[in-house]
Amino acid sequence: MTEKEELIIQYEDAAFALLMHEAAAVQGKRALEENKALKQDDGSGISAHLNRRSQQTIERRLSQKQKKDAGRISHILKKLIPAVCLLAVLFSTVVVGSPTLWEQTFNVLLPEAEKSETIQFGNKNRAEEKKPHEFEELSVGWVPDGYRLVSSGKSDNGQVIDYYYQQTGKFAANASIHISKMTGDMGGVVADANGAETEYIDVNGNPVLLIERSGAFKALLTDSSRLTFILFASEGLSREQVIKIFNSIRYS
Amino acid sequence: MILFVCSTIDDSSDREFILWIYEEFQRLMFSTARKYTEDQSSCEDIVQDSLVRLIDKVDTLREKKRCILASYIVSTVKNTSINYMRKQNVIHKHIVSYDADNFQEPASPDIHLGELVHKKDVGEKLLSVLQQLSETDQLLLEGKYILDYSDAELAVQLGCKASSIRMKLTRARRNALVLLSEQYWREEIVCD
């Protein structure tokens, strides 16, 4: 192929992309009109069975995507420059050596969260103190009325347990509870606390960092004696309900 | 160094967005699937497959304006439906094969591409032209230009090599342009 032919194909591609954008806009406009009409048509409703199936599909695929993304991040981090690795190892060695220091480090980092985008801490090398795949159970004793368990399960390597609840009959994003338990040897946690209200509460002797932003709660329980994180995210719950849920969580 | 970054919180925003899409457009998705098959079970499967595809493109979807997002969803369901029906061997007889052996070069379009870009109703006409094209051409053009699929993704759908997608796209574009220029030509005859 000559250079001129190559350029012609590039030109056709760009010009056709412009034409297709126009076609997509027309198709979108028609689709929105059809969607509006369908919403007003009682006969076009979707059965509860089908909604459940769709929701399960969504949960399953998101879970797969999450694992895939985590794997990709891990792959990228493996390629980071040696200096960064060395610093991380030094940090981990000092901090992991003492659970108390580990928690103190977290406390020191907390005020900084108000200035920066994220809190990040890790406890790499904890895996060496614990056999791999040795993982305990997690149960949630109480959720508010009207919420049902949509999905739950362990990750393939058994290091994360996941519970997802949603308000019955709602697909709305403002009616969900997500609880995950992961072992400390997973490494670290990033929690966005920028512009949010943060406080510590005590749950069964363990500190829980509670982050509230616009009515949405995110919480993190760190149990250094058991090398465990409990992660929590909810929309549409009160502070009291969040604390009550946390008090009902049991893990052994 | 194995650092696991817990993305539970980020993941919840993907979940919210996808659930919103499903809640908002579920009827449209089923209605689009029903245009390809009246079998309820097949419609359900198509919508499930479409949801999986939408989740895989969630970052792309977030950037779309509502109108283009609706178009993307419709094209995804159309694309999934065609692939599903192909797998079911229901519409094979309607599929035009694009093997090199039986391929005929389309006639050159009468109207220059540069002119078409500036025509006011070109979107409307192109949409109508797309529906007249073979399903393979529809898969290629909508997949490439609306759904942002890579050559590799298109190749998987069509069961061919990724290296041959570019040539197939060129032919599909020219097929569309021939039909499009014919539409304008007919209009000019009527006006004269």
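The values are calculated or read from the model by the stated rules, or taken from the named source; none is laboratory data. Please read these numbers as outputs of a predicted model, since none were measured by experiment. Neighbour counts run over all protein chains shown; Cβ positions are idealised from the backbone, glycine included. Ligands, DNA and RNA are stripped out before the accessible areas are found, and what is left, the full protein with its side chains, is counted by its heavy atoms. Shrake-Rupley method; radii C 1.70, N 1.55, O 1.52, S 1.80 Å.
Peptide B:51-58 has a mean shielding of 4, counted as Cβ atoms of other protein chains within 10 Å of each residue's Cβ. Modelled this way, with points 7 Å down the Cα-to-C-beta line, the labels at A:GLU6 and B:GLN131 are 4.1 nm from one another. With 29 Å as the limit, write out which pairs from A:LYS4/B:LYS78; A:LYS29/A:LYS218; A:LYS65/B:LYS161 have Cα-Cα distances beyond it, or answer none. Over 29 Å Cα-Cα: A:LYS4/B:LYS78; A:LYS29/A:LYS218. Per residue of B:15-25, other chain Cβ atoms within 10 Å of the residue Cβ number 6 on average. Computed with a 1.4 angstrom probe on protein heavy atoms, the B-A interface buries about 6700 square angstrom of accessible area in total. Using the Cβ of A:GLY43 as centre and a radius below 13 Å, the other residues enclosed give a net charge of +1, where K and R count +1 and D and E count -1. Packing order of peptides B:38-47, B:140-149, highest average first: B:140-149, B:38-47 (average count of other Cβ atoms within 10 Å over each peptide's residues).
Take each residue in A:30-41, count the other chain C-beta atoms within 10 Å of its C-beta, and the mean is 5.
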